[in-house]
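*Asks:* Starting off with a structure, shown below.
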Amino acid sequence: MKYKGIFFDMDGTLLPMDTDGFTKAYISLLCKKLYPLGVNPDDMVKGLWKGVGYMVKNDGSSMNIDVFWKAYAEHVNVPRDKVEPVCDEFYHNEFKMVKDTLGENPLAVEAVKEAHKKAEHVVLATNPLFPFAAQDTRMEFVGLSRDDFDYVTAYDNSMYCKPNPQYYVWLLKMLNIKAEECLMIGNDEYEDMYAAGCIGMDTYLVTDCLLKDDKHPYTGKSGTFGEMLEYLKSL
């Protein structure tokens, strides 16, 4: 067995995505959902991005969920205990409307099944900026669920984010495997290829929704999602 762990990114990898279109639809829907609670849309947007920024800079001293809500409270005066349950409800319901901004990937399920044949651990290494409720819905868009993975990262269970290499170090410790025993599959030259590669993980760049990075150009294994699937089959 060549790898003990195969890690998949979500956005732009398993789930085809135009980031700008997705983000615009997502924020619009969330603003509408929270407005009846008295959450001002401008404050919501400021709180959301402040929370994301804080999570990306998280040094492992707190869980991402707590980092996010602490930052959010700096801009929104509606208490967390009123907003958080409504957000979870949103991710299970209205959030599904963002699917109209996303692409299809009929090969996602097959790729994850193939990975299970080739490695002991198959991980959804999606940037843990969302709660599990949102991760579940996004997985559903391509026919997957948490049951299809040995581990899924979300803001509920994580204390680092991409592009911090410690995100990958922490995952490896959780699984008790070495970096050189793992393959990271993603579409982002910086967050997936560079951050995982710099700690010794093998990498494969999926080019369908490629996110390039001039400071960290990637020259390793790459191809379309279909070509990546053929690579997994060849292992």
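The values are calculated or read from the model by the stated rules, or taken from the named source; none is laboratory data. Treat the numbers as computed from the prediction; the structure is a model and nothing was measured. For neighbour counting, all protein chains shown are included, and Cβ atoms are generated from backbone atoms with ideal geometry for every residue, glycine included. In case anyone asks, the SASA skips ligands and DNA or RNA and just uses the protein heavy atoms, side chains included. Shrake-Rupley method; radii C 1.70, N 1.55, O 1.52, S 1.80 Å.
*Asks:* Kirkwood hydrodynamic radius (Cα pairs, Å) of segment 80-154?
*Replies:* Kirkwood radius, segment 80-154: 13.5 Å.
*Asks:* Each residue of segment 79-85 in turn: what ³J(HN,Hα) in whole Hz from Karplus with 6.51, -1.76, 1.60 and θ = phi - 60°, glycine and Pro shown as x?
*Replies:* My calculation for segment 79-85 gives x, 4, 5, 8, 7, 4, x Hz in order.
*Asks:* As I understand it, the value is the acute angle between the Cα axis of helix 225-234 and the longest principal axis of the Cα atoms of the chain; what does it come to in degrees, rounded to 10?
*Replies:* 40
*Asks:* Can I ask one more? Where a ≥ b ≥ c are the square roots of the eigenvalues of the C-alpha gyration tensor, would you call segment 161-235 rounded, which needs a/c under 1.5, or, failing that, prolate if a/b is larger than b/c, or oblate?
*Replies:* oblate
*Asks:* Dipole size in debye (nearest 20) for the chain around its Cα centre, Lys and Arg Cβ +1, Asp and Glu Cβ -1?
*Replies:* Computed about the Cα centre, the dipole is about 320 debye.
*Asks:* For segment 133-235, build the charge dipole from Cβ charges (+1 Lys, Arg; -1 Asp, Glu) around the Cα centre, then report which of P165, T153, Q135 sits farthest towards its positive end.
*Replies:* In segment 133-235, that residue is P165.
*Asks:* If the cut-off is 17 Å between C-alpha atoms, which aspartates and glutamates fall inside it for K215, apart from same-chain ones fewer than 8 positions away?
*Replies:* Excluding near neighbours in sequence, the set is D188, E189, E191, D192.
*Asks:* Pick from D192, D213, D148: which is most flexible by mean-square fluctuation in a GNM of the chain where alpha carbon atoms under 10 Å apart are linked?
*Replies:* D213
*Asks:* How would you classify segment 41-177 from its alpha-carbon gyration tensor, with a ≥ b ≥ c the square roots of the eigenvalues: rounded for a/c under 1.5, else prolate if a/b is greater than b/c, otherwise oblate? Present the calculation step by step, with values, prior to reporting the outcome.
*Replies:* On the way: a/c = 2.44, a/b = 1.35, b/c = 1.81.
Judged from the Cα gyration tensor, segment 41-177 comes out oblate (a/c at least 1.5, b/c at or above a/b).
*Asks:* Let me check I have the definition right: for the chain, take the eigenvalues of the Cα gyration tensor, multiply each by 5, take square roots. What are those semi-axes in whole Å, largest first?
*Replies:* Ellipsoid semi-axes (Å, largest first): 31, 19, 16.
*Asks:* Assign one of three labels to segment 5-48, namely rounded, prolate or oblate, based on the Cα gyration tensor with a ≥ b ≥ c the square roots of its eigenvalues; rounded applies when a/c is under 1.5, prolate when it is not and a/b is larger than b/c, and oblate otherwise.
*Replies:* Prolate is the answer for segment 5-48, as a/c is 1.5 or above and a/b outweighs b/c.
*Asks:* Could you identify which residue out of M55, M63, M159 has the top mean-square fluctuation in a GNM of the chain using Cα springs shorter than 10 Å?
*Replies:* Top of the fluctuation ranking is M63.
*Asks:* Rg and Dmax of segment 35-77, Cα atoms, in Å?
*Replies:* Computed over the Cα atoms of segment 35-77, radius of gyration and Dmax are 10.8, 35 Å.
*Asks:* Per residue of segment 48-53, in order, report the coupling 6.51 cos²θ - 1.76 cosθ + 1.60 (Karplus, θ = phi - 60°) as ³J(HN,Hα) in whole Hz, putting x for Gly and Pro.
*Replies:* My calculation for segment 48-53 gives 4, 6, 5, x, 4, x Hz in order.
*Asks:* Further question: Arrange the residues K118, K2 by how much accessible surface each exposes, largest first, with a 1.4 angstrom probe.
*Replies:* The residues order as K2, K118, largest area first.
*Asks:* Just from its helices, what would the mean residue ellipticity at 222 nm be for the chain, if runs of 4 or more DSSP H residues each count -39500 (n - 2.57) and the sum is divided by every residue, rounded to the nearest 500 deg cm²/dmol? Write down the numbers at each step before the final one.
*Replies:* Numbers: 8 runs with 95 residues, N = 235.
Taking each H run of at least 4 residues, the total per residue is -12500 deg cm²/dmol.
*Asks:* To continue, here is another question. How large is ³J(HN,Hα) for each residue in segment 166-178, as worked out from phi by the Karplus curve 6.51 cos²θ - 1.76 cosθ + 1.60 (θ = phi - 60°), to whole Hz, x for Gly and Pro?
*Replies:* 5, 4, 6, 4, 4, 4, 4, 5, 4, 8, 6, 10, 8
*Asks:* Using unit Cβ charges (K, R positive; D, E negative) and no other charged atoms, how large, in debye to the nearest 20, is the dipole of segment 16-67 about its Cα centre?
*Replies:* Values: 6 positive and 6 negative charges, 27 e Å.
I would put it at about 140 debye.
*Asks:* Still on this structure: Which order do peptides 223-231, 173-181 fall in by mean Cβ count within 10 Å, highest first?
*Replies:* Details: 223-231: 16.3, 173-181: 14.4.
Answer by packing, highest mean first, reads 223-231, 173-181.
*Asks:* Right, something else. Where does the Debye-calculated log10 I(q)/I(0) of segment 124-180 sit at q = 0.13, 0.21 Å⁻¹, using only Cα point scatterers of equal weight, no solvent?
*Replies:* Each listed q maps to, in turn, -0.33, -0.80.
*Asks:* In square nanometres and to one decimal, what's the mean projected area of the convex hull around the Cα atoms of segment 106-235?
*Replies:* Working: hull surface 29.5 nm².
Averaged projected area of segment 106-235's Cα convex hull equals 7.4 nm².
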